[in-house]
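Structure first, commentary second.
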Amino acid sequence: MSTTADLLAEAVAASKTDSKRSESLYRQILSSTKPPTHDSQQQAQILRDQETALVNLGQLYRDQKDAEGVAEVITLSRSFVSSTAKAKTAKLIRTLLDYFSAIPNSQQIQMTVLKDNIEWAKREKRIFLKQSLETRLAGLQLETHDYRPALALIDTLLTELRRLDDKMILIEVHLLESRVYRGIANMAKAKAALTSARTAANSIYCPPALQSSLDLQSGILHAEDKDYTTAYSYFYEAFENLSTQGEDDDKALSALKYMMLCKIMLNLPEDVTSLLSIKLAVKYAQLREVESMRSVAKAHQARNLADFEKALKDYKDELSSDPTIRSHLSDLYDALLQQNLLRIVEPYSVVELEYIAECVGQGRQSVETKLSQMILDKVFYGVLDQGRGCLLVFDEPKADEMYDSAIETLGQVSKVVESLYAKSVSIA
């Protein structure tokens, strides 16, 4: 009869050529019966082989993009982890859950698995594992824009974590809370949650990856307040930290894109090229995500609305997938459209709306809406004559100082009269 070690070696060899055979062998290892308790060395070896088989089977399903398979492996792991140390259990389940990230559109299955395992952890009284899984579930709910359940779960977690004084998970949960509140546009509570996370981080050693996440969120919130200079400094810290660690290239790339965005929003698009020449950014310079931001910077530098729209269309996936970049580029597009409209109408006192729409390459209705908004915001003074289809542009009205002078004079006269009245009362 083959030992678990022999079966494991055979399964690993078969995984490259015959995945079905490999899967069958891994399952055979997991169903192996344990030897008598007095043979502790052999028992420990079987446990190690079963742990390896679990991880390898999860990897096999991950490579096959089989989310259901990974979910089944996590369920299978429960019978195995019940006999292992709690810290090892948490690490094994987290490792298996990480395999979902490589499988597209697996969020719903992952959430179902997490809820199932949270209930199991409650029954087994594995508190730290439960909190870790709940934190992961809240992160998934944030990704799927399911904000209300995420906030309810975060509130429960924070109550437990404050009682246990587990600062590390407390930082992660406060950071999640900040991101959720930012998702529902409650900036005041997002900032408060981030401040709580930073306060907790100051009292312990904060790992570089977590510190980078805090810096990224700080930069995003400052950018929402239009403080792009401070936001840039936070993004730079995060990018430098992530690039030096080399652990999370996706996050480092996001930080670099945010740095480029800040330069564009500060009306310094020419600095984008020099930014990409720094040592840490060179390896990202040729990526499509970076090229998309470079195209936006070039369009903004040329004040060319058509090029800006072309960049948004050509790099739709890269520029629209990130809500931070999407919202700020929307503001930038409005600003660029406004600048182009002002440049066109400035020389005229009367100009046809069709002509303006043709010059900016937009539909008449959208141009008319934008012009009316600009008039209401007093960007320029004018009237839309919809009957004639024209825009009447006026000179900026000069304030008549006569009324202010008259009011000031009357005020002084009032003071004199009151003074004379006071004197007459005192004499009488």
Quiz item: Taking into account only those residues within segment 378-395 that are open to solvent by 100 Å² or more (accessible area, probe 1.4 Å) and part of a loop (DSSP other than H, G, I, E, B), which is nearest to Gln338 (Cα to Cα)?
Solution: Lys378
Self-check item: Looking only at segment 298-355, and only at residues there that are among the polar types (S, T, N, Q) and assigned to a loop (DSSP other than H, G, I, E, B), the one that is nearest to Met260 (Cα to Cα)
Solution: Ser321
Quiz item: Which number in (1) modelled with pLDDT of 90 or more; (2) under 23 Å from Ala209 (Cα atoms) marks the one condition that Leu151 misses?
Solution: (2)
Exercise. Take Thr144 and decide whether it is among the β-branched types (Val, Ile, Thr), open to solvent by 60 Å² or more (accessible area, probe 1.4 Å) and at pLDDT 85 or above.
Key: no
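Each row is one residue, and each column tells you yes or no for (1) more than 30 Å from Leu216 (Cα to Cα); (2) of a type in the set (Val, Ile, Thr).
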position	(1), (2)
Ser330	no, no
Ala335	no, no
Arg343	yes, no
Glu346	yes, no
Glu354	yes, no
Gly363	yes, no
Ile375	yes, yes
Lys378	yes, no
Gly382	yes, no
Exercise. Of the conditions (1) out of contact with any helix residue (DSSP H, G or I) (no Cβ under 9 Å at 6 or more places or on another chain); (2) among the β-branched types (Val, Ile, Thr); (3) over 25 Å from Lys226 (Cα atoms), Ile375 clears all except one; give me its number.
Key: (3)
Quiz prompt | Qualifying positions in segment 175-204 - under 21 Å from Ala152 (Cβ atoms), open to solvent by 20 Å² or more (accessible area, probe 1.4 Å) and either among the hydrophobic types (A, V, I, L, M, F, W, C) or touching a Gly at 6+ places or on another chain (Cβ under 7 Å) (or both) | solution = Ile184, Ala185, Met187, Ala188, Ala192
Quiz prompt | Options Gln362, Gln338: the member that is modelled with pLDDT under 85 and surrounded by 15 or more Cβ atoms within 10 Å (Cβ to Cβ) | solution = Gln362
Practice problem: Identify, by number, the condition in (1) under 15 Å from Leu392 (Cβ atoms); (2) open to solvent by less than 50 Å² (accessible area, probe 1.4 Å); (3) hydrophobic (A, V, I, L, M, F, W, C) that Val350 doesn't meet. | Solution: (2)
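Which of the helices (runs of 4 or more DSSP H) contained wholly in segment 74-170 include at least 3 residues that are in contact with an Asp or Glu (Cβ under 7 Å, 6 or more places away or on another chain)?
Hits in segment 74-170: 107-123, 147-164.
I'd like to check something: does segment 236-254 contain any residue that is of a type in the set (Phe, Trp, Tyr) and either farther than 20 Å from Ile325 by Cβ or open to solvent by less than 10 Å² (accessible area, probe 1.4 Å) (or both)?
yes
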Self-check item: Output for segment 264-306, where each listed residue is open to solvent by 70 Å² or more (accessible area, probe 1.4 Å) and closer than 28 Å to Ile344 by Cα
Solution: Asn267, Glu270, Lys298, Gln301, Arg303
Self-check item: So Gly387, is it more than 28 Å from Lys310 (Cα to Cα) and in contact with a helix residue (DSSP H, G or I) (Cβ under 6 Å, 6 or more places away or on another chain)
Solution: no
Quiz item: Taking segment 210-239 on its own, how many of its residues are without any contact (Cβ under 8 Å) to a residue 40 or more places away in the chain, among the hydrophobic types (A, V, I, L, M, F, W, C) and within 18 Å of Asp271 (Cα to Cα)?
Solution: 2
Quiz item: Going through segment 294-311 one residue at a time, which ones are polar (S, T, N, Q) and closer than 17 Å to Asp334 by Cβ?
Solution: Asn304
Quiz item: What is the residue count in segment 85-120 for residues that are of a type in the set (A, V, I, L, M), touching a Phe, Trp or Tyr at 6+ places or on another chain (Cβ under 9 Å) and more than 16 Å from Val70 (Cβ to Cβ)?
Solution: 2
Quiz item: Among the residues of segment 49-59, is any at pLDDT 80 or above, of a type in the set (S, T, N, Q), surrounded by fewer than 16 Cβ atoms within 10 Å (Cβ to Cβ) and under 19 Å from Ser22 (Cβ atoms)?
Solution: no
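The values are calculated or read from the model by the stated rules, or taken from the named source; none is laboratory data. Being a predicted model, the structure only gives us computed values, none of them experimental. Every residue, glycine among them, receives a Cβ derived from its backbone with ideal geometry; neighbour counts consider all protein chains shown. Surface accessibility is based on the protein's heavy atoms, side chains included, excluding ligands, DNA and RNA. Shrake-Rupley method; radii C 1.70, N 1.55, O 1.52, S 1.80 Å.
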